[in-house]
Amino acid sequence: MAISRLPPPARALLELVLDSDESAGRLAERLGRSQQSLSSAVYRTVERLRQEYVVAHVLPSTSPSCWGCISSLGAFVRGELRARRQAEVIGHLRGCTDCRARLGAALEADGELPHPRRLVGRGERRSDGK
């Protein structure tokens, strides 16, 4: 399960927010954080959960050379990898047919998730002409 792959502090935060019936402001105050800080932490935790969901749908490997790529596929398909790590994953994918197949599974799992960051960027035109 993807939630079990989250670090304990992220899991605790997610459970606290989901179980609480308090407003975001009250919950942040109770935790000694600003509402913006709490909102950012929750966003990062949910994004990490989405990445772990993607990785959970990828077959594991017995090859140690693939482990790093597999663990990064969630962030890779979600567009969350830093440039250096992304280059390493791309390099591995070029030479590993098994991981390219895993990438297909990761992309399929990712297609089931919302993408708040994948909006029309600056200078791009929307397909509906607006």
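Every number here is computed from the coordinates shown, using simple stated rules; none is lab data. Since we're looking at a predicted model, the values are computed, not measured.
Mean 1/r over all different Cα pairs, inverted: what Kirkwood radius does the chain give, in Å?
This gives a value of 16.7 Å.
Residue by residue through the stretch 30-44, which ³J(HN,Hα) values in whole Hz follow from phi under the Karplus form 6.51 cos²θ - 1.76 cosθ + 1.60 (θ = phi - 60°), with glycine and proline marked x?
Values, residue by residue: 5, 8, x, 10, 7, 4, 5, 5, 5, 4, 5, 5, 5, 4, 4 Hz.
Given axes a ≥ b ≥ c from the Cα gyration tensor, I'd like to know whether the stretch 57-115 is rounded (a/c under 1.5), prolate (a/b larger than b/c) or oblate.
oblate
Determine by what factor the alpha-carbon radius of gyration of the stretch 1-56 differs from 2.2 N^0.38 Å, reporting the quotient.
1.15
Looking only at 39, 71, 23, which one moves most when the chain is put into a Gaussian network model with springs between Cα atoms under 10 Å?
23
Just 31, 59, 107 to compare: in a GNM of the chain, with alpha carbon springs under 10 Å, which one fluctuates most?
31
GNM on the chain, C-alpha springs below 10 Å: top fluctuator among 63, 72, 37?
63
Helix-only estimate, please: 222 nm mean residue ellipticity of the chain, summing -39500 (n - 2.57) across DSSP H runs of length 4 or more and dividing by its residues, to the nearest 500.
Computed mean residue ellipticity for the chain: -20500 deg cm²/dmol.
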